[in-house]
4 protein chains.
Amino acid sequence: MDIIVLKPGITAKELRHIVKRLESRGFKTSISKGTERTVIGVIGDTSKITEEEENAIEIMPGVEKVVRILKPFKLASRDFKSKDTIIEVGGRKIGGKKIHVIAGPCAVENRTSLLRIVAEVKNAGATFIRGGAFKPRTSPYSFQGLGEEGLKYLAEARERTGMPIVTELMDPRDTDIILKYADIIQIGARNMQNFRLLQQVGSYDKPVLLKRGLSATIKELLMAAEYIMARGNSKVILCERGIRTFETATRNTLDLSAVPVLKELSHLPVIVDPSHGVGKWSIVAPMAKAAVAAGADGLLIEVHANPEEALSDGEQSLKPDTFKTLMKELKAVAKAVRREI
Amino acid sequence: MDIIVLKPGITAKELRHIVKRLESRGFKTSISKGTERTVIGVIGDTSKITEEEENAIEIMPGVEKVVRILKPFKLASRDFKSKDTIIEVGGRKIGGKKIHVIAGPCAVENRTSLLRIVAEVKNAGATFIRGGAFKPRTSPYSFQGLGEEGLKYLAEARERTGMPIVTELMDPRDTDIILKYADIIQIGARNMQNFRLLQQVGSYDKPVLLKRGLSATIKELLMAAEYIMARGNSKVILCERGIRTFETATRNTLDLSAVPVLKELSHLPVIVDPSHGVGKWSIVAPMAKAAVAAGADGLLIEVHANPEEALSDGEQSLKPDTFKTLMKELKAVAKAVRREI
Amino acid sequence: MDIIVLKPGITAKELRHIVKRLESRGFKTSISKGTERTVIGVIGDTSKITEEEENAIEIMPGVEKVVRILKPFKLASRDFKSKDTIIEVGGRKIGGKKIHVIAGPCAVENRTSLLRIVAEVKNAGATFIRGGAFKPRTSPYSFQGLGEEGLKYLAEARERTGMPIVTELMDPRDTDIILKYADIIQIGARNMQNFRLLQQVGSYDKPVLLKRGLSATIKELLMAAEYIMARGNSKVILCERGIRTFETATRNTLDLSAVPVLKELSHLPVIVDPSHGVGKWSIVAPMAKAAVAAGADGLLIEVHANPEEALSDGEQSLKPDTFKTLMKELKAVAKAVRREI
Amino acid sequence: MDIIVLKPGITAKELRHIVKRLESRGFKTSISKGTERTVIGVIGDTSKITEEEENAIEIMPGVEKVVRILKPFKLASRDFKSKDTIIEVGGRKIGGKKIHVIAGPCAVENRTSLLRIVAEVKNAGATFIRGGAFKPRTSPYSFQGLGEEGLKYLAEARERTGMPIVTELMDPRDTDIILKYADIIQIGARNMQNFRLLQQVGSYDKPVLLKRGLSATIKELLMAAEYIMARGNSKVILCERGIRTFETATRNTLDLSAVPVLKELSHLPVIVDPSHGVGKWSIVAPMAKAAVAAGADGLLIEVHANPEEALSDGEQSLKPDTFKTLMKELKAVAKAVRREI
């Protein structure tokens, strides 16, 4: 159901024109006259009304505004599926009692250092490997990733440790190669509204880790999930990773309230990336603990053996020792909120 | 020390003019020629240079920009005082191992309900009473507070429970009356840059709880603390309470990363107000837990016996029962991060 | 009229409880059942419902959300008064065909320089003097204004030129002195939600120039105007002066679209302050022209004889010559949009 | 040149380590000791230092922060090329005295309506056709564009009117087909940081209209232009189209100050899209005039014969008659700022 608020001076002809349009689309209408405004209740499955139609109705003569009652996303909503979605990857369940920590370097830089870091994070308690082979970089002069070579090293690290791989897909032309190696396909923040890419990953049977865009609302994040789900892939993991605000003390503002809000609106698992969220390693640990306390189902954390020499994101990477200490603290916090790591 | 970056084509005369100005202010200069730019190092205590002088230098012919090396706040900074400040109020220490929970209604509405709520929050473990007698309201048609009558009820609640009072000062003309009743004077978010009010509370020996403005950067919050401290009052408690962003799912975006960032930059205690931060009661509890995990020294939480009937902020108030449950969970989280409540 | 959207599983008892509450407040109700949701139409003058009541209803069991149909401001709205308000000050009409330029230094610094600048801006075509005697400064170590001495110089400048004075009131305790000298009282951006100050200027018969807060929405600016008007003073001039966004290339982001939006929603005159809006003198001129093209009724422009020596805001002040050139260009743009300067 | 600010307590060993690292990268260093801080001046072409290296240096022991003196973009900067770039397309020069108006529907919907609108906008004075064949839509259930069929209709419209075509490329896999029909390739706001797409259009000899992302800073817009230019294509037209802020009265906040700021920083032409910038047709006209007054080199305006029936963005489209009136007013404003339309 939608509500159409009418202007005070609407004519009978204008009103008829609006009602006719709605009826021609298969809706019933119910008119309520108030003392200051009259409104039309639009009866039927108004979730079929696209934003365009809504906008078009809004500019019809006599209309003041259209008020949407139903949410614009459906498959991703808690209304549609009340039970938490649990996504299984390589025997690990994301979205249940156990909180998963996905750790590794920002970008895969070389075989030796990757294998070393992965061994260390596994030892500390991480359950998934993260690492980028294709990297989105704001400068054309920055390191752009190793490509397939990087994916091969990730596969070798998986073989040695049994930990599944999370890696980013940036370009639809890389799909085949990413599908060959990844256990979870990451859609980065800058591609959250790359709708063609969303449609494409929606057509595979492979879990998708969908990062919130820098300026995306929670509703838009759920609409992006809807894009993937509408194509048949319901294995979507939502990821809060910081939004852009006026504050410059941190790289982004990590919106931890998105975790409980998403949990109310949706049945999908929600994880948090404190590394990108704050962009400064000394702030990552407190925010990781806060994310667990806020109810996150997982964490995405950048770890690098030698952050000073990292080819990307060194300033926000933890050293293996710091990560190990953090994992111990995270276990305590998880227990305090009746979860486990 | 400050750095003045010069334009590529600066003339010798322009350079002399700039150097002369700096020397007339008592600074020494050191010129470094790079391959693409020349810079002047300004040597001396450049924290004396006000923003105005800096701006004035920036528009001198031949200057590209001025880069500030020292922070614009001093007394509030960790550089100035490396040890954590602990503020004692009525035998309670804010800023130490113990995390304090300041609880109560948004506004004092009547004697009976106030006394009842205060008894309940004390019972659950709160250590301070919060309650507004003068209320800042966005609508002129809203309830504006009980004034001194409200303060009297707060004093009675204090007498009965031994809990000190935190209440807001909105208008310099109310200072005497607030000083008479409050144990901690709250400066609200909308007054964080009411500089005359800051100067005034700076001249009393009474702790001040300073809330971050809706669009204030962390640096500006510390500058506001500096205003108070520069007048002699060093008992300032900083409070994160949400900033304004594009997200509308929550009333504000609670910036929990401000907690560890403030802890790095300043020695002052930092508390968090999740009630105003998110504006929706069901989200308050997870964010309160997250605040404790992030390292907050205290919490400010709105509790109302009957939120549906509250004259203000009912939508973000917890019921006494929910608050009691939350306190138990908070204790567990505090213990997990080696603090206590 | 307001609309209350109900949750899918609401019980008959919950529904009765809501209807009863509304009826006890004097409203009639009209229930419309849709296929997916049921809504209650609240009939009567719902502008009497405060935000608090609305919030309280929103948390009643069975309620999904409350949709406001009427605007929360009334006296300031175009619905209430369809004709443009014209405010007369010293024989000058603000809000009519003529666009007024209010020019002068940020702060009054000394008698000689003030008189010189005022003579120059008058000569170039300005019709009002601006100048601060009490200055809000982010640093406690910055120049805070000359106080009454500054107001006396402004009065002398008015006597010499016949131009009325616009000056800022920061503290309710300065009201008498400001009333004695000012022709238009300015409420600064940082005080836009200093509700006690708004109420106070609302009780005088003196025009108020109300600046939009750094993080205030257009609706909140109109609510602040409503505060003043609700006390009886309808001579409010709205002023767009830049909002805080993530962009750092300019001091603030000047939201020129606020001009036509405010003109649609309200009958009050709207002026623009490009100096504070962008904070960099070379950008002030193009934005001043853009403001006129967008429909502004006036401009507030900082002019300083020697910006390099200004005690405040030198970086955004125009020199008298640049101002003179700008005034000529503004005349051409005003003519192009059928206004005059 | 870059400046490295050192921490007060840095050891001699830490300092040597930093200097050695810089020297190993081919830079010279110059150390200046101030009274409160010591800084290292890094001498050489520090624009070669990537953001990663900068970040890596920032976390070396003893470093407080790294201050960048040179801008991170080069080819796009006014430092690199001081003269305005003029881009010629089909005999029309963008970036010169003449302001170009690119007009047409948001999406191409069918042949008849496209040909009709194009004829009308040409008649009113537009010089380029805009129209989308592939549409980025926030809802998976919305109209996604006609694809190549739409491009064919655009080509027919070009043949009839002689007006070149501006159309969007969303997916690298559509490149061949877009290259076949477009005269200017549009990169939409959501793809401003789709770096692979930028690299791809950088390798063709075809002008690119690059829209600013919703949360992109001006610096990031120029970095995106740099991506294209670094691949050899210097024909980049920058486009301001509104940024995301907390204000909800307009769809986005049109940042017109970006026009003069971009003109200072870069030699590239700058156009403005008021339709997407404000999202409401009644606000489009004043903002189009303001954009011209602010110095824009062109406008992108949505026009639809029957906005109520538009399949996308009807609420922000002008009707042909309104567009015609606007064009007359724009001519007057252009003349007032010594340009022409």
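Things worth noting here:
Residue-by-condition table, conditions (1) of a type outside the set (V, I, T); (2) touching a Gly at 6+ places or on another chain (Cβ under 9 Å):
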residue: D:S47; (1), (2): yes, no
residue: D:K71; (1), (2): yes, no
residue: D:A76; (1), (2): yes, no
residue: D:D84; (1), (2): yes, yes
residue: D:G90; (1), (2): yes, yes
residue: D:I94; (1), (2): no, yes
residue: D:K97; (1), (2): yes, no
residue: D:H100; (1), (2): yes, yes
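- Given (1) open to solvent by 20 Å² or more (accessible area, probe 1.4 Å); (2) in contact (Cβ under 8 Å) with a residue 12 or more places away in the chain; (3) not β-branched (V, I, T), number of the condition C:R16 does not satisfy: (2)
- Between D:L75, D:L70, the distinction of being within 9 Å of chain B (Cβ to nearest Cβ), within 35 Å of the chain's Cα centre (by Cα), surrounded by 18 or more Cβ atoms within 10 Å (Cβ to Cβ) and touching a residue at least 60 places away in the same chain (Cβ under 8 Å) belongs to D:L70 only.
- Pairs with Cβ under 7 Å, 6+ apart, first in the range D:203-221 and under 15 Å from D:Y181 (Cα atoms), second open to solvent by 30 Å² or more (accessible area, probe 1.4 Å) and at pLDDT 95 or above: D:Y204/D:L179; D:K206/D:L179; D:P207/D:K235; D:V208/D:K235
- Count of the range A:30-64 residues which are within 10 Å of chain C (Cβ to nearest Cβ) and in contact with an Asp or Glu (Cβ under 7 Å, 6 or more places away or on another chain): 5
- Restricting the range B:252-281 to residues that are more than 8 Å from chain A (Cβ to nearest Cβ) and small (G, A, S) leaves a set whose member that is farthest from the chain's Cα centre (by Cα) is B:G279.
- The range C:31-47, residues that are among the charged types (D, E, K, R) and closer than 13 Å to A:T29 by Cα: C:K33
Okay, residues lined up against (1) of a type outside the set (A, V, I, L, M); (2) in a helix (DSSP H, G or I):
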{"residue": "B:F143", "(1), (2)": "yes, no"}
{"residue": "B:L151", "(1), (2)": "no, yes"}
{"residue": "B:I178", "(1), (2)": "no, yes"}
{"residue": "B:R196", "(1), (2)": "yes, yes"}
{"residue": "B:D205", "(1), (2)": "yes, no"}
{"residue": "B:L214", "(1), (2)": "no, no"}
{"residue": "B:G232", "(1), (2)": "yes, no"}
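- Of the residues making up the range C:282-305, those that are more than 18 Å from the chain's Cα centre (by Cα), facing another protein chain (nearest Cβ under 9 Å) and surrounded by fewer than 24 Cβ atoms within 10 Å (Cβ to Cβ) are C:S282, C:A285.
- Checklist (1) buried (at least 24 other Cβ atoms within 10 Å of the Cβ); (2) more than 12 Å from chain A (Cβ to nearest Cβ) applied to D:A224, failing item: (2)
- Filter result for C:E23 (more than 11 Å from every other protein chain (Cβ to nearest Cβ), among the charged types (D, E, K, R) and not in a loop (DSSP other than H, G, I, E, B)): yes
- Any hit, the range B:239-254, residues being buried (at least 24 other Cβ atoms within 10 Å of the Cβ), assigned to a helix (DSSP H, G or I) and in contact with a strand residue (DSSP E or B) (Cβ under 7 Å, 6 or more places away or on another chain): no
- Matching entry among B:K122, B:K135 (being touching a Ser or Thr at 6+ places or on another chain (Cβ under 8 Å), part of a loop (DSSP other than H, G, I, E, B) and surrounded by 17 or more Cβ atoms within 10 Å (Cβ to Cβ)): B:K135
- For the range C:82-103, filtering for residues that are at pLDDT 95 or above and over 17 Å from the mean Cα position of the chain (by Cα) leaves 9.
- Whether a residue is over 24 Å from C:N191 (Cα atoms) and of a type in the set (F, W, Y) was assessed, and B:F128 passes this test.
- Look at the range B:263-275: where a residue is farther than 22 Å from B:K319 by Cβ, no partner that is of a type in the set (S, T, N, Q) and surrounded by 24 or more Cβ atoms within 10 Å (Cβ to Cβ) sits 6+ places away or on another chain with Cβ atoms under 6 Å.
- Among the residues making up the range A:130-145, those that are under 18 Å from the mean Cα position of the chain (by Cα) and either among the aliphatic types (A, V, I, L, M) or over 28 Å from D:D45 (Cα atoms) (or both) are A:R130, A:G131, A:G132.
- Boolean, C:S142 is within 11 Å of chain B (Cβ to nearest Cβ) and free of Cβ contacts under 8 Å to residues at least 60 places away in the same chain: no
- The single residue among C:E120, C:E156 that is under 29 Å from C:V333 (Cα atoms), over 26 Å from the mean Cα position of the chain (by Cα) and among the charged types (D, E, K, R) turns out to be C:E120.
- Test result for B:I3, touching a Leu at 6+ places or on another chain (Cβ under 9 Å), open to solvent by less than 10 Å² (accessible area, probe 1.4 Å) and either closer than 30 Å to C:K135 by Cβ or without any contact (Cβ under 8 Å) to a residue 24 or more places away in the chain (or both): no
- Single residue of the range A:44-66 satisfying the filter (without any contact (Cβ under 8 Å) to a residue 24 or more places away in the chain and of a type outside the set (D, E, K, R)) that is least open to solvent (accessible area, probe 1.4 Å): A:A56
- Of all residues in the range B:198-221, those that are within 11 Å of chain C (Cβ to nearest Cβ), open to solvent by 10 Å² or more (accessible area, probe 1.4 Å) and not basic (K, R) total 6.
- Within the range A:16-32, tally of residues that are closer than 15 Å to A:A56 by Cα and not β-branched (V, I, T): 6
Table: residues versus (1) basic (K, R); (2) at pLDDT 95 or above; (3) open to solvent by less than 10 Å² (accessible area, probe 1.4 Å).
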position: D:I129; (1), (2), (3): no, yes, yes
position: D:G145; (1), (2), (3): no, no, no
position: D:D174; (1), (2), (3): no, no, no
position: D:K180; (1), (2), (3): yes, yes, no
position: D:I184; (1), (2), (3): no, yes, yes
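- From the list A:S266, A:S312, A:S317, the one residue that fits, being among the polar types (S, T, N, Q), under 30 Å from A:M223 (Cα atoms) and surrounded by 20 or more Cβ atoms within 10 Å (Cβ to Cβ), is A:S266.
The values are calculated or read from the model by the stated rules, or taken from the named source; none is laboratory data. Fair warning: this is a prediction, and the values are worked out from it, not measured in the lab. Cβ atoms come from the backbone with ideal geometry, glycine included; neighbour counts cover every protein chain shown. Areas reflect the complete protein model, heavy atoms only, side chains present, ligands, DNA and RNA absent. Shrake-Rupley method; radii C 1.70, N 1.55, O 1.52, S 1.80 Å.
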